[in-house]
Amino acid sequence: RAKTTLGDGAIVFNSSFLTDLHRTEEGEKALADAMRRGQIRPHYQPLIDLSDGHVIGCEALARWERDDGSFVPPGEFIPLAESMGVIDGLSFDLLRQACRDVISWDAPIFLSFNLSAVQFEDPSLALKILAILNETGVAPTRLELEITESVFVHNEATTLAVIDQLRQLGIRIALDDFGTGYSSLSRLANLSIDRVKIDHSFVGRCLDDARSMSVVKAIVSLSRTLGLSVTAEGIETQPQYARLKKIGCNVGQGFLFGKALPAADFHRLLQDASARPLLASRRA
Ligand code: C2E
Ligand code: MG
Ligand code: MG
Ligand code: MG
């Protein structure tokens, strides 16, 4: 079993150290310490208008940078923050930071931000988010909130009311990782959302596997009929880009266009991309 030393600056990073420490006092201390020291920050992945290759937005993805320079992925510490009951504090710190970054870039792009399902049980969620937007000067119409279908599983009145309040403020709602979990196409018609994000597992297989392509086409076609925008997640190759554009996806995201970058690097990417579309500059 890998040895992990915490808290003395000489950390031996083990990528699954939280798996061992999950719900232990040591793991919780490490996370609380990282939050206090501002070691958890948003990185930004570009969102591309597939019609012309321009960057039109970014998704904030949380990263925990440890003292040794290694990064702990959000899949490891977000569930821990949820089980510790500190996800709200962490999430609002990240949103505040992301809003400040977006304002500092001075570019006409929107911010997409992930929220945990449990946050939608708070009837004052919309007010808390509005306060952060007002404090940082970001217009509500520039913010999109990503939620997964699990938010809707119990169809709680509070959750549905919170989503309506957010949308009335002009904040958009995107349904993340669509196609996994308990998705059903018919359900899309009843949800109060603005965008569907097709999960990368379908996008990654769509050119090799006819069934995955059928799923993607069905999601795109129904979404467009319902007036929803569609983002394809996990575009990694030029042929995937060409095909998804052709079948009518509006927006693309994936390693072909860029991975999540720290704020300063993303700012440079924006400056380069404003001269030429991201893909054209990559090909040159
Ligand atoms: P997500 O919201 O579906 O984010 C997309 C994930 O796919 C990111 O993983 C991203 O790095 C990865 N990705 C992007 N393009 C590609 C690609 O072309 N190929 C492949 N294989 N992967 C790609 P990441 O950053 O590890 O985030 C994992 C999940 O953690 C996110 O999935 C999101 O659900 C959650 N998360 C991230 N930040 C936050 C946050 O601030 N709050 C909450 N509640 N959850 C967050
Ligand atoms: Mg997301
Ligand atoms: Mg996703
Ligand atoms: Mg995902």
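The values are calculated or read from the model by the stated rules, or taken from the named source; none is laboratory data. The model shown is predicted, which means the values in this text are computed figures rather than measured ones. Please note: Cβ atoms are built from the backbone with ideal geometry, for glycine as well, and neighbour counts cover all protein chains shown. The area values use the complete protein model at the heavy-atom level, side chains included, leaving out ligands, DNA and RNA. Shrake-Rupley method; radii C 1.70, N 1.55, O 1.52, S 1.80 Å.
What to note about this one:
- Of residues in segment 184-206 being surrounded by fewer than 18 Cβ atoms within 10 Å (Cβ to Cβ) and either touching a residue at least 40 places away in the same chain (Cβ under 8 Å) or within 14 Å of ligand 1 (Cβ to nearest atom) (or both), the one nearest to R224 (Cα to Cα): D194
- Within segment 25-48, tally of residues that are crowded, with 22+ Cβ neighbours inside 10 Å, over 30 Å from A273 (Cα atoms) and within 14 Å of ligand 1 (Cβ to nearest atom): 1
- All positions within segment 222-242 that are open to solvent by 20 Å² or more (accessible area, probe 1.4 Å) and more than 15 Å from ligand 1 (Cβ to nearest atom): L222, R224, T225, L226, G227, S229, A242
- Enumeration of residues in segment 64-81 that are away from ligand 4 (no atom under 15 Å from the Cβ), under 27 Å from V118 (Cα atoms) and either touching a Lys or Arg at 6+ places or on another chain (Cβ under 7 Å) or open to solvent by 20 Å² or more (accessible area, probe 1.4 Å) (or both): E65, F71, V72
- Within segment 213-242, residues that are over 28 Å from N190 (Cα atoms) reach partners that are open to solvent by 70 Å² or more (accessible area, probe 1.4 Å) and within 16 Å of ligand 3 (Cβ to nearest atom) with beta carbons closer than 7 Å, at six or more positions or on different chains, in the pairs E236/F255.
- Qualifying residue in segment 205-218 (condition: within 16 Å of ligand 2 (Cβ to nearest atom) and at pLDDT 95 or above): no
- A60 of a type outside the set (V, I, T), touching a residue at least 24 places away in the same chain (Cβ under 8 Å), farther than 21 Å from L175 by Cα and crowded, with 17+ Cβ neighbours inside 10 Å: no
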